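Below is one structure, written out as structure tokens; the observations come after it.
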Amino acid sequence: MDNFGYRGKQVEFWQVQGEVLDTDRYSETHVQSQGINNRYLRVSQRKYHDFWVRDDEGREHSIQLEEVNVPLRPKQRITLVCAKRQDKKEGLICSLVNHSTGQKHEISSGRTIENRLNLEHVTGKTLVLALVAFALVVYFTKPSSEYFAYPWRMVEWKWAFVASVSILILGVWRKLLRKARVAEKIKMHVNNIVTSILKC
């Protein structure tokens, strides 16, 4: 199965193919007290889908899906497409192919895969650039102390602040744009894998 490379990071894909042995759905309700004197209750409910798969080598796998509705029943043949970064131990399930029904189900979106595998992470370079811009504006707008008793009062603090904030905003926008692009690319990669599985 083809791997996915992005900026020096390698995402390894593999599949688990086998027969569904058992399936179970349930939900958990969580109640939290909030507000002054805990007068308000916040109720949340999460749905889970647990099932067992025996792969083609006879090994049994316990799978738990959260907030994903996939129709499954025992004796159906499925393929799970999984992914992980080569330098990490933890992975996730990307898609499920039900060969018995001919259906495919997205388990993790491209954005979820990108976030979980941390392909485009925060480096702090934008913050450093913003601080440098702030310092440069202060340096070049500060008058000489030889002519002014309080030169720091005449620094263009407003422009230094505007320059640094502008760089921060631009950096965040570029980061979000890159995250969206890599999420779309990895989604297309998973779709290609699923398509090739369905053709087999």
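Rule-based calculations on the coordinates, nothing more; no lab input. Computed from a predicted structure; not experimentally measured. Quick reminder, even Gly has a Cβ in these numbers, built from the backbone with ideal geometry, and neighbours come from all protein chains shown.
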Where does the Debye-calculated log10 I(q)/I(0) of the range 54-103 sit at q = 0.19, 0.21, 0.27 Å⁻¹, using only Cα point scatterers of equal weight, no solvent?
-0.77, -0.92, -1.28
May I ask you to evaluate 6.51 cos²θ - 1.76 cosθ + 1.60, the Karplus curve with θ = phi - 60°, for each residue of the range 135-142 and list the ³J(HN,Hα) values in order in whole Hz, giving x for glycine and proline?
5, 5, 4, 4, 5, 7, 9, 7
What's log10 of I(q)/I(0) for the chain at q = 0.09, 0.19 Å⁻¹, Debye sum over Cα points only, no solvent?
-0.57, -1.23
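Could you state the orientation-averaged shadow area of the convex hull built on the Cα atoms of the range 71-134, in nm² to one decimal?
Working: hull surface 25.6 nm².
Value for the range 71-134: 6.4 nm².
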Considering Cα pairs under 8 angstrom that are at least six residues apart, work out the relative contact order of the range 57-121 and quote it in whole percent.
24 percent
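Over all alpha-carbon pairs in the range 1-88, figure out the percentage whose distance exceeds 19 Å.
59 percent
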Take each of the peptides 130-141, 60-71, average the number of other beta-carbon atoms within 10 Å over its residues, and list them starting from the highest.
130-141, 60-71
